[in-house]
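There's a structure below that I have some questions on.
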Amino acid sequence: MSGDKSISTEKEVFEEEEGAEKKEGVQEEDAEIEETEASGKEAEEDPAEMLKTARAEAQENYDRFLRAVAELDNYRKRTAKIRTETREDLLRDVLLQIAPILDNLSRALGQESQEGDGLKQGIELIFNQFKEVLKGYGLEEIEAEGKLFDPNVHEALMELKSEEHPAGTVMEVMEKGYTLNKKIVRPARVIVSKVEE
């Protein structure tokens, strides 16, 4: 009998412990549920807050975009105006330097002289003056005659046999070529000597 009492006591102790554990487990579950409900409430409040923040950021980005578009438009207008003014200034400078050449041409045409030498000298003077003005703007002649043919700066119009010139040499310049600030404006059009077959 005493053995039965000890078993029943142990059983009671075990049940009490098990009940306490269950009670603690229930309490923990209740606490978790409360936390979940609380975080759920916060989550319910957060989307509204997040939407408000997102809208504010979107508005700020849109304002930046509008400012950038306006700045770009102003930049385009400024550069177009500067380009126009620069072109006008350049043309004015060129015309101011060409005006004396036109005056000299007018004088040469106004002379009533039978002498061909005087007319030739006048035209040579005007030609050299004109070349100097253009050279001041970076326009230079491409040297070609007597030089080896270079396809980068010469354009061959024809090839002729020649005993006087080595093969591939520019014999004659038909149209002068020009560079503007070291860039090709027009290649020199030339006649080139070819190898005899």
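Out of all the residues in the range 111-129, is one or more more than 29 Å from THR179 (Cβ to Cβ) and either at pLDDT 80 or above or in contact with a Ser or Thr (Cβ under 8 Å, 6 or more places away or on another chain) (or both)?
yes
I need the full set of residues from the range 156-187 which are touching a Lys or Arg at 6+ places or on another chain (Cβ under 7 Å) and either closer than 25 Å to PHE130 by Cα or touching a residue at least 60 places away in the same chain (Cβ under 8 Å) (or both), in order please.
MET174, GLU175, GLY177, TYR178
Another question, if that's okay. Only strands (runs of 3 or more DSSP E) wholly contained in the range 124-181 count here; list those with 3 or more residues that are closer than 10 Å to VAL192 by Cα.
Result: 154-161, 170-175.
Being surrounded by 13 or more Cβ atoms within 10 Å (Cβ to Cβ) and not in a loop (DSSP other than H, G, I, E, B) is the filter here; which residues of the range 182-195 pass it?
Correct list: ILE184, VAL185, ARG186, ALA188, ARG189, VAL190, ILE191, VAL192, SER193, LYS194.
Which residue pairs have Cβ atoms under 9 Å apart, sit 6 or more places apart or on different chains, and have a first residue in the range 114-132 that is assigned by TED's automatic domain parsing to the domain that holds ASN104 and within 17 Å of ILE98 (Cβ to Cβ) and a second that is at pLDDT below 75 and among the small types (Gly, Ala, Ser)?
Once the first residue is assigned by TED's automatic domain parsing to the domain that holds ASN104 and within 17 Å of ILE98 (Cβ to Cβ) and sits in the range 114-132, its partners that are at pLDDT below 75 and among the small types (Gly, Ala, Ser) give GLY122/ALA108; ILE123/ALA108; LEU125/ALA108; ILE126/ALA108.
Oh, and also: Assess whether ASP89 counts as being at pLDDT below 90, surrounded by 10 or more Cβ atoms within 10 Å (Cβ to Cβ) and over 25 Å from LEU125 (Cβ atoms).
yes
Continuing with the same structure: Pick out the one residue from ALA38, ALA99 that is of a type in the set (A, V, I, L, M, F, W, C), at pLDDT below 90 and farther than 30 Å from LEU139 by Cβ.
Only one candidate qualifies: ALA38.
The values are calculated or read from the model by the stated rules, or taken from the named source; none is laboratory data. Every value quoted in this text rests on a predicted model; they were computed, and no experiment measured them. Quick reminder, even Gly has a Cβ in these numbers, built from the backbone with ideal geometry, and neighbours come from all protein chains shown.
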